[in-house]
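J.: One structure, pasted below without further comment.
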Amino acid sequence: MLVAAGMFFGWRGLLVGGILLYVYTANQQPQPAPNPAGTNRRMAAAQDYFQQMLGQAPLGRGGTAAGSGGRAPNIWMGMKVGQARKKYGITYPTLYAPPGHKDEKAFNCVQRAHQNSLENLPSFYALLLTAGIKASGPRLAHSYLISASIAGAVALVGRIFFFNGYSTGDPKARYRGGFTHFGTLALLGMVIGWSAQLLAPVVGL
């Protein structure tokens, strides 16, 4: 969860999350061995809950979904940018067409479509991977396997529409893929929901 927060909110979110986690753990007082009849019953239940939810969860499904699902469209977009470079005569290492180039807008729209997708890829990886870990846990009745798969597919298909629209040379055409955000927000909701589920036994909810 801390990694997901860092990916989605940047290094500031990771730093703040780490500080809060440090403060929380530093203020914890040493506790005696759990006693079913004592005040440590809730903490013992929480520890057992974390072990059950995380300790046995294989990462294969989540990692495979994030790796293959997010990488394939990115490779295709990179190839399209390469084709645009040849078409408009923009050579490496120039990132965007120089000002005044006759095809400046046309090429820059293709390049910007790819760059925007790259900028959003880390948060997509983090959210899909985290939801995938939840989906591969032992409590399949409460898993996000199907929901995460659908949300990830929506986000990726939206990215393709976003890229194709932007690549036409009309920046407003990128809105054709605006529904990609529905998939990303759905994944974010799953991660927040699972975070609340994991923390509930600790905070006594």
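The values are calculated or read from the model by the stated rules, or taken from the named source; none is laboratory data. Small disclaimer: the values here were computed from a predicted structure and weren't measured. FYI the Cβ positions are ideal-geometry reconstructions off the backbone, even for glycines, and counts take in every protein chain you see.
J.: Return the total of residues in the stretch 102-116 being more than 16 Å from T168 (Cβ to Cβ) and assigned to a helix (DSSP H, G or I).
T.: Residues that pass the stated criteria total 1.
J.: Same structure again: Does T130 fit the bill of being buried (at least 21 other Cβ atoms within 10 Å of the Cβ), modelled with pLDDT under 85 and of a type in the set (V, I, T)?
T.: yes
J.: Can I ask one more? Only one of P73, P30 is farther than 23 Å from V191 by Cα, in a helix (DSSP H, G or I), of a type outside the set (A, V, I, L, M) and at pLDDT below 90; which?
T.: P73
J.: Out of the residues in the stretch 176-187 that are in contact (Cβ under 8 Å) with a residue 12 or more places away in the chain and surrounded by fewer than 19 Cβ atoms within 10 Å (Cβ to Cβ), state the one that is farthest from Y96 (Cα to Cα).
T.: Among those residues, the one meeting the criterion is F182.
J.: Among the residues of the stretch 161-168, is any at pLDDT 95 or above, over 15 Å from R112 (Cβ atoms), surrounded by 14 or more Cβ atoms within 10 Å (Cβ to Cβ) and not β-branched (V, I, T)?
T.: The answer is yes, given that some residue of the stretch 161-168 is at pLDDT 95 or above, over 15 Å from R112 (Cβ atoms), surrounded by 14 or more Cβ atoms within 10 Å (Cβ to Cβ) and not β-branched (V, I, T).
J.: With respect to G158, determine if the residue is under 30 Å from Y92 (Cβ atoms), modelled with pLDDT of 90 or more and assigned to a helix (DSSP H, G or I).
T.: When the stated conditions are applied, G158 passes them.
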